[in-house]
Structures are given as structure tokens and as C-alpha cells.
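Only one structure is covered here, and it is reproduced in the block below.
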Protein chains: 2
Amino acid sequence: MTLDYIFHPRSIAVVGASTSRWSAVTHLFLNTLPHFGYKGEIYPINPRMDEVSGLKAFPNVRDVPGVVDHVICMIPAEATRQLLEDCVAKGVKTVHLYTSGFAETGEVDRGRLQDELVSIARNGGIRIIGPNCMGIYCPGSGITYCADFPQERGNVGFISQSGSYSILVVRGAAARGVRFSKVVSYGNASDIDEIELLDYMLHDPETEVIAAYIEGTKDGPRLREVLTEAAAKKPVIIIKKGGTAAGSRGTISHTGALAGDDAVWEALLKQTGAIRVEDFEEMIDLLVTFRFFQLPHGRRVAVVGLGGGASVRASDECELGGLSLPPAPEELVAELKRFIPVAGSMLRNPIDMGTYRHDWTPVLQALDGWTELDMFLWQIAPEIEPFEEGIYRQFIKDKRSLILEIFQGLQKPTAVVVHAVEASIGLETLDIMRTGCAEHEMAFYPSIYRAACAISRYVDYHARRGHQ
Amino acid sequence: MTLDYIFHPRSIAVVGASTSRWSAVTHLFLNTLPHFGYKGEIYPINPRMDEVSGLKAFPNVRDVPGVVDHVICMIPAEATRQLLEDCVAKGVKTVHLYTSGFAETGEVDRGRLQDELVSIARNGGIRIIGPNCMGIYCPGSGITYCADFPQERGNVGFISQSGSYSILVVRGAAARGVRFSKVVSYGNASDIDEIELLDYMLHDPETEVIAAYIEGTKDGPRLREVLTEAAAKKPVIIIKKGGTAAGSRGTISHTGALAGDDAVWEALLKQTGAIRVEDFEEMIDLLVTFRFFQLPHGRRVAVVGLGGGASVRASDECELGGLSLPPAPEELVAELKRFIPVAGSMLRNPIDMGTYRHDWTPVLQALDGWTELDMFLWQIAPEIEPFEEGIYRQFIKDKRSLILEIFQGLQKPTAVVVHAVEASIGLETLDIMRTGCAEHEMAFYPSIYRAACAISRYVDYHARRGHQ
């Protein structure tokens, strides 16, 4: 728990803050932190300004009258050596170097400069986050780097070597109701690295699920150790990028990490018990599943929804994703026929209700009693609707809460899928249902295939641990 | 060319049209056709109404005073036998049975009813489209089943056993600038089937690229023949669904097709020279590529754009998709440094411009002279931008035409990728750029991986034919 203090600074100095409209550090931190709930003091540092965003500015961190625990820095790389020395003099605890232009450039002198900063920091008792990164998002202490991240706390701890991945995952998962304990975008990992952060997340009581985007490591054996320990205690979901030759060149050029052979990584991650995912979409799907999807007894799914081609597709996708679709028993089909006309529908699983005008309650209740079934996926593909006016969309708009409450009344775990990305017509429907699911704390996925893969891996995870 | 007349009826009767607000056939056909440019007579048929949508209605097709070439039918299955007999008496040429509730239900009596209709039609010189399908979209003669399909003609002929897939593909491809010659959603294939339609498309001079969604066939050897002939003459892109056990059950229940073993289909399609794609996304990507992407000399791509993590991801995705990213030569990197600051950027391919404020023209021109390079993918991932206000979006909004004109001035083939689906923040950007690319006749893709896969298969296609 040694790193815990970096998430709870008593005050923050923002170095490079300025009145220029192009000052990213001002927009991202200085102007955002007070509204995000950060309660400590915030000090703009700029030798050429007396005031920035209504706050008194200081020429140097050393001139700040009170304590400065945390420094966010976005001045050019050339000026950071002096800054670090000033920070040591001031007794700063953590420096977040948003600044880039260090080892990731592949230039020898830039790598050397980065090493010098680390050496100044180590001698002066300072920890460095970065350089070349977004830093810390910790809703519990009101720290963020994107104003639109959720202010509520959650149970997911996420570390990301890439700043953009950290934003993608937080935004994408947040849109589906997931909340975070602490997120660290750690860039070049010059000082605080993935090993120390994973070790922190493993011991952090607020963090119940650990997610990580990693491009490389400097200590494979130690990473294996900490991952093994973490994965034994909490689900650990990992994206490892930079495996191909070009990707590897990219990571060196991105965060200066040594990406290494992908087969080596694959083996390493497999040994640890971590869940390796392909990309951020799959990571978000798993975070949603761990958060909202009740553990099913098995892999037998019924797909219920609208659209014939979509239903055929759905059955293929479930099986490819690792779930199975048992055929509906004859008695059940007979019962469903009481509620659904046989024309324009499919009743054998997948179940295509044929038209949006039916009341789904009796259908779902009949299915809920099917003993050879473990879960439901309810799906709608608004882009297949032939009507310009968007009847599906209007229906979802009007009945969203009603539908979600029916689902929540079922015994079996249920997730919602809205498949809509190719044309604009379906996006509004997707957004309405995604928001509704987030509010109702239900699992939402943007395709049957993604739902099937995530749920299947979730079942795998628990099966390996002997649950269910 | 025997089937050509089904796309050019002199008049259309819409059976089941009514003043009810729930009458789909009225909304989809009767009210749409005149606005879509259909020039022939349109007759509503309804024994209980004198007028529908301002048109004089007739109780029976036999009562229509003029000729009736084409009948669109959406009355219950039980009434279709009589309708077919009336159509024979009237001398109708084609009946499109939108109506479902036939062989696809798996009910024996429903299958028998379908067979009876076919037998009445064959004896009476009528061709049947369907049942259980959307019918014909032919912009050249002003026929459609979705009011929002493009009215302009194009070069893609598409046949789809699934109505919803036909809508997905047309909408998705149209949003990216692709236009169609003729589209047929043919459902249960009771009479006109995939074999006859493929044979038609093969000989149709308006059709230069053939696309097909197939769930099954009744005559594998004949299908192989016609596909082989078609693929020798035009690119043929095929989705085959229903391969898994559940999917196969789904197709029987969807269109009554016998899906068969997927390995058999895989072999069959491979022998013919058709391009098999996984799903509609990949089909749309290939249609876009064949339409807009100039054939590159090889597979060497430079990825240029914004975002570090996105660039690392991009390089992995290109290689996984079958393209290669050569490292930028030292002289070129040196030249790029004249335009792009080394901090916050990546210059070795992938090339991350670091910030949206640069002028890209000199960078792209320098890259255009790189002799060991075959093409560009330009990418932006708006959801990674840390600013709430959406600077990327605003930039794309303001500069779209300028950017696309720069791309069009390059020697090497260039495509645009906007990756944005996980949160709502990027969708507007995606839509702006997608529309711009459609207008400028440029290839657009929603992810680097999808771009790489499509371009790679396109290069494969031409390589097999000995082009380039």
C-alpha cells in the first residue's frame, strides 16, 4: 500500500498552466479539478503570469507558500531537469510528467534526459508518473484528466501505458455503467511502472477487478510474480499490445517499452491466470460482465428478439463465442405459439418475436421456466427495420424501463444487445438502451458476438476457480 | 437475361394495402414508390376499401382495368392460394410474396401450401419472389422497399436470402457512397432462387460487382457452376450463414433453407473463386474497396494520424489484417522532423502527428515520395481525445473538404479511418467524415483492422487474376 499517497495529494501544482487558449494542462487539470470535487489547494505555476483561471500563479513551485504534494507538468522536456530539482527542494512527493519527448522518441539524448530525471527524483525522494502520459484519475479524491469521466467511485482499478487507451476504456465502460476506483496512465514507466501499480491494485481494498493495458516491461520475472499474486486474488484483465513487428516498433516509439515476442507474452500471461483480451472492446465487455452479469449455471443461452437474419446471425455468433443454443422443446414452442403468431416469427431458439407489438412478458416468463436453459440474450438490430421513421427506436424510447424491469424480474441472468453501427439510423436506439442498461445496472453489449465472448470468458474464469 | 423483366414492371398492384396505420405494405410500397420515381401505375388491392393513400382501390387484382405486371402481396398466407389463381387469370408476370408463414415455420402444412403456390405459378406462367422477403430494390426503375435507400443507380448487384441483411448491407454501404444496380431479397427461394439470380447478375451489364447473402441451396452442383462462371467475370462477394448447428436450425426456421455443413460450403465457395466474407461488415468494406480504392502496387502501408495508443493498435491491426508497415527510412524521418515536433509524436510508421494543429500537406507529400510504400491509411480516433469540447470533431468539421482534397492529390491510394464506437463522443465525427468520404468518392472504414482486411483481400483478388 506504499503507493496509496499518490492518489491523495493535499495540494497540486500545475506547471505550465497559462492563459493561452491552447494550454492543454490548464483545460485538463487546472480548470477541471475544482469542479470534479478536488478539495486541496491548486497552484498554477508560470513565471510570466500573475493569475491563471482566477487563481494566483507562482513563478516556480518553490515559491508556493504551502505544501505541494503533487505536481502536474506540461512544460517542454528541456525544462524538466530544473523542475525536478525545484520539486526536490520544495519537498514534492509525486511528479506527473504529462510532457513527452523522452525515451519514446528513440533519440539517445532524450532517453538520457529521462534517466537523469529519474535519478534526481530517486535521490530526492520523489516518485515520477510518466513521462508521456495522462496521469491519475481517482474519483474518490476528485482527481481526473478528462472532465467527462464519472465522479462516482467504482471497483475497477485500471493501469494503462497508453493515455488514449485509458480514455477509451474509461469512457466506453462508463457509458455502460462501470465505475472505477483508480486509473493510472503511466506512459514511459520511467519510475512508477506496471509492476508497482499492479502490486498496489492487488492490495487496494477499493479495487475488486484489475484491468491493464501494457506495451512492455523491464522485468518479466517480477511481472509474472505480481500478476500471479494479483490474479489469484482478483480478476485481472489484460491487453498486451505491440506484438507484431510493426506494433513492437510502434511501442518503442510510443512509450519506449520493449514489447518482446508475442508468444513469450502469451505464455507469461497464461501462466499467471490473468485474462488476456484482444483489445479495448473486449476489455470493456468483460468489465461490464463482471460488474453486472449474474453468474449463469452453464453456457446454454436463448436469444430472444427481433429480426430473422439477425437471429440466424445471433445463433452463429453465440456458438462461435463459446455459448450454446439448445433447441426449444416442443411443449415450449407450443406454449409460445399461444403468444406469437407463427408467420413472421421463429420459435425454436433463436426466438424472433416477429413484430414489436407483442407483449413480451408471457413469452419471457415461459422461457424463464425452461429448465435446460442458463441465460437470455435479448437483441434488437434497429438498422434492419425497413421503416424510415424508426419504429424500433420509438418503441425502445417509450418502453425502455418497462422492458428492463421485465428482464430484471426473470430468474435467469439476462443481457441486452443492440446491434447498430453501420448506418446512423440505429445509433440513437443503441444510446437509449445503453444508457437505460447503465441506469438499471444491467449488462449491455453492442453485438451478440461480443456478448457471447465476454460471457463465455466470464464463465471460464469462474469455472477455473471452481465456482458454480 | 430472361429475368430482366421482373425489374421493369409496367404496373404494380399492392395486395393488402389499407388505410390502417399498421399496414406495412402501404408504408413500404404504396406510399413510397411514387416518391421514389416509379413511373408506372400503382393499384391498391383491398376488398373493403374504395381508396387507399389517395389511389382508387380495387377489390381484386382481376378488377384492375389495365395490365398488372407485378404484384406485391402482404395478406395472410391462408389467402395466397386464391391470390395466385387470380394473378394467373389477370396475366400477372411476377408475384412478390412479402407474406411469411410458409416453409420457414417448419410446419408440414405450411411447406405444402408453399409448394402449391409454386405449382399454380408455374402452370400459369408467373414467377414468385419469396415468400417471406422484402422483394426488389431497383433504383433504375424506381422500385424500393425502404424509402431511405439511394435513388441513384450504381454497379453493385446484391441478392439476399435475408430481408434484414439486405437492408443492413444497402444502408451501410450507401452511407459510405456505394450504389446498387439491383437488389433482391428472395427469402424462401420457392421459385426464383439464388442460382437464377446469380445467373442474372452475371449477365446484367449494369452489374459490375456481385454480392450475395445465402443461407442454403437446393442444388449445390448447379450453384457451384453458376458461381464459377460469375466469379470468372466479376468479383463475387458472399456471406454464407447458418454454418453452426444452431445457425443451421435458425436458417431452417428463417427461410426454410438447408444450410448444410459449413466445411462443404467453404470448399464449394473456394473452388468457385468467390470471395467469402464473415459478415455484412466485411461485405460492406469490400464493396467500398472495390468501388473507391485504387489498386495499390503491393501491401506496404503507412498509417498516418493522431493518437499514440491508436497508432500502436493500428500497426498491430494492419499486420493482422494482411498488410505490412515498413519502417520509415532515416532520411524520411529527418525530413518529417522539419514539420512535426519530436515530442508527442511518432515518426517511424505508424506516424502519429501528435496534435491536430499541424499542416499535414508537407508531411503527406514527403511520404508520397517514399518509393518503398504502396498506400496510406489516415486515421483519427475521436474518443481518445481528452477534451470534452471535441477538438478533433471540430477540426474534422471545419477542415473535412480540405483534408480530403489533400488526400486526393496524393499519388498513392489513400483511405480514411475514423475509429469511434464505444462512447457517443466520437460518433458525430465518424458521421461527418463518412459522409465527406462518400461525397468525395473516397474509401472510408470504421477501423484500421477492417480497412486492412478489406484492402488485403482486394489485393489478393487482383493478384489471383494476375493484375498488378
For this session: Considering (1) away from chain A (no Cβ under 11 Å); (2) more than 10 Å from the chain's Cα centre (by Cα); (3) at pLDDT 95 or above, say which one B:Ile214 fails and leave the rest.
Result: (3)
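Residue-wise test of (1) within 14 Å of chain B (Cβ to nearest Cβ); (2) of a type in the set (Phe, Trp, Tyr).
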{"position": "A:Gly369", "(1), (2)": "no, no"}
{"position": "A:Leu377", "(1), (2)": "yes, no"}
{"position": "A:Ile380", "(1), (2)": "yes, no"}
{"position": "A:Ile384", "(1), (2)": "yes, no"}
{"position": "A:Phe387", "(1), (2)": "yes, yes"}
{"position": "A:Gly390", "(1), (2)": "yes, no"}
{"position": "A:Arg400", "(1), (2)": "no, no"}
{"position": "A:Val418", "(1), (2)": "yes, no"}
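Applying the selection to the stretch A:61-74, what residues are farther than 19 Å from A:Gly125 by Cβ and part of a loop (DSSP other than H, G, I, E, B)?
Filtering the stretch A:61-74 down to residues farther than 19 Å from A:Gly125 by Cβ leaves A:63, A:65, A:74.
Residues satisfying the conditions are A:Pro65, A:Met74.
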Exercise. If you check A:Gly309, A:Gly260, A:Gly250, which single one turns out to be facing another protein chain (nearest Cβ under 9 Å), modelled with pLDDT under 90 and either surrounded by fewer than 24 Cβ atoms within 10 Å (Cβ to Cβ) or under 23 Å from the mean Cα position of the chain (by Cα) (or both)?
Worked result: A:Gly250
For this session: Those residues that are touching a residue at least 40 places away in the same chain (Cβ under 8 Å), among the hydrophobic types (A, V, I, L, M, F, W, C) and either surrounded by fewer than 15 Cβ atoms within 10 Å (Cβ to Cβ) or not in a loop (DSSP other than H, G, I, E, B) (or both), I need them from the stretch A:318-342; list them, please.
Result: A:Cys318, A:Leu320
Exercise. Considering the stretch A:225-245 alone, what residues qualify as being out of contact with any strand residue (DSSP E or B) (no Cβ under 6 Å at 6 or more places or on another chain) and at pLDDT 95 or above?
Worked result: A:Glu225, A:Val226, A:Leu227, A:Thr228, A:Glu229, A:Ala231, A:Ala232, A:Lys233
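Determine whether B:Ala231 is outside any strand (DSSP E or B), in contact with a Ser or Thr (Cβ under 8 Å, 6 or more places away or on another chain) and more than 23 Å from B:Tyr461 (Cβ to Cβ). Steps first, answer last, please.
Values: outside any strand (DSSP E or B): yes; in contact with a Ser or Thr (Cβ under 8 Å, 6 or more places away or on another chain): yes; more than 23 Å from B:Tyr461 (Cβ to Cβ): no.
For B:Ala231, the condition - outside any strand (DSSP E or B), in contact with a Ser or Thr (Cβ under 8 Å, 6 or more places away or on another chain) and more than 23 Å from B:Tyr461 (Cβ to Cβ) - is not met.
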For this session: Could you run through the stretch A:6-31 and say how many residues are over 20 Å from A:Ser100 (Cβ atoms) and within 13 Å of chain B (Cβ to nearest Cβ)?
Result: 2
Exercise. Only one of (1) polar (S, T, N, Q); (2) more than 27 Å from the chain's Cα centre (by Cα); (3) within 18 Å of B:Gly124 (Cβ to Cβ) fails for B:Thr2. Which number is that?
Worked result: (2)
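Is at least one residue of the stretch A:20-30 assigned to a loop (DSSP other than H, G, I, E, B), surrounded by fewer than 17 Cβ atoms within 10 Å (Cβ to Cβ) and touching a helix residue (DSSP H, G or I) at 6+ places or on another chain (Cβ under 8 Å)? Walk me through how you get there before you give the answer.
So the first thing to find is which residues in the stretch A:20-30 are assigned to a loop (DSSP other than H, G, I, E, B), and the list is A:20-23.
After this cut, where a residue has to be surrounded by fewer than 17 Cβ atoms within 10 Å (Cβ to Cβ) as well, the list is A:20-22.
Now drop any that are not touching a helix residue (DSSP H, G or I) at 6+ places or on another chain (Cβ under 8 Å), which leaves A:20.
Yes, the conditions are met somewhere in the stretch A:20-30.
For the structure I just gave you, tell me whether A:Ile391 is over 30 Å from A:Ala274 (Cβ atoms) and either free of Cβ contacts under 8 Å to residues at least 24 places away in the same chain or among the β-branched types (Val, Ile, Thr) (or both). It would help to see each step written out before you state the result.
On the way: over 30 Å from A:Ala274 (Cβ atoms): yes; either free of Cβ contacts under 8 Å to residues at least 24 places away in the same chain or among the β-branched types (Val, Ile, Thr) (or both): yes.
Criteria met by A:Ile391.
List the strands (runs of 3 or more DSSP E) inside the stretch A:75-189, counting only whole elements, that have at least 3 residues being in contact with a His (Cβ under 9 Å, 6 or more places away or on another chain) and buried (at least 18 other Cβ atoms within 10 Å of the Cβ).
A:94-97
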For this session: Could you please let me know if A:Ile126 is in contact (Cβ under 8 Å) with a residue 60 or more places away in the chain and hydrophobic (A, V, I, L, M, F, W, C)?
Result: no
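Can you say whether A:Leu83 is within 14 Å of chain B (Cβ to nearest Cβ) and in contact with a strand residue (DSSP E or B) (Cβ under 7 Å, 6 or more places away or on another chain), as far as the supplied structure shows?
Numbers: within 14 Å of chain B (Cβ to nearest Cβ): no; in contact with a strand residue (DSSP E or B) (Cβ under 7 Å, 6 or more places away or on another chain): yes.
No.
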For this session: Could you tell me whether any residue of the stretch A:377-397 is under 26 Å from the mean Cα position of the chain (by Cα) and either surrounded by fewer than 18 Cβ atoms within 10 Å (Cβ to Cβ) or farther than 29 Å from B:Ala24 by Cβ (or both)?
Result: no
Exercise. Just wondering, is there one or more residues in the stretch B:377-396 that are assigned to a helix (DSSP H, G or I), modelled with pLDDT of 85 or more and closer than 22 Å to A:Asn132 by Cβ?
Worked result: no
Exercise. Restricting attention to the stretch A:190-212, which residues are within 18 Å of A:Val118 (Cα to Cα) and either out of contact with any helix residue (DSSP H, G or I) (no Cβ under 6 Å at 6 or more places or on another chain) or part of a loop (DSSP other than H, G, I, E, B) (or both)?
Worked result: A:Ser190, A:Asp191, A:Ile192, A:Asp193, A:Glu194, A:Glu196, A:Leu197
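Identify all residues within the stretch A:102-154 that are of a type in the set (Ser, Thr, Tyr) and within 14 Å of chain B (Cβ to nearest Cβ); write none if there are none.
If we filter the stretch A:102-154 for residues that are of a type in the set (Ser, Thr, Tyr), which is where we start, we get A:105, A:119, A:137, A:141, A:144-145.
Residues satisfying the conditions are A:Thr105, A:Tyr137, A:Thr144, A:Tyr145.
The values are calculated or read from the model by the stated rules, or taken from the named source; none is laboratory data. None of the values given here were measured: they were computed from a predicted structure. Note that each Cβ is placed from the backbone with ideal geometry, even for glycine, and that neighbours are counted across all protein chains shown.
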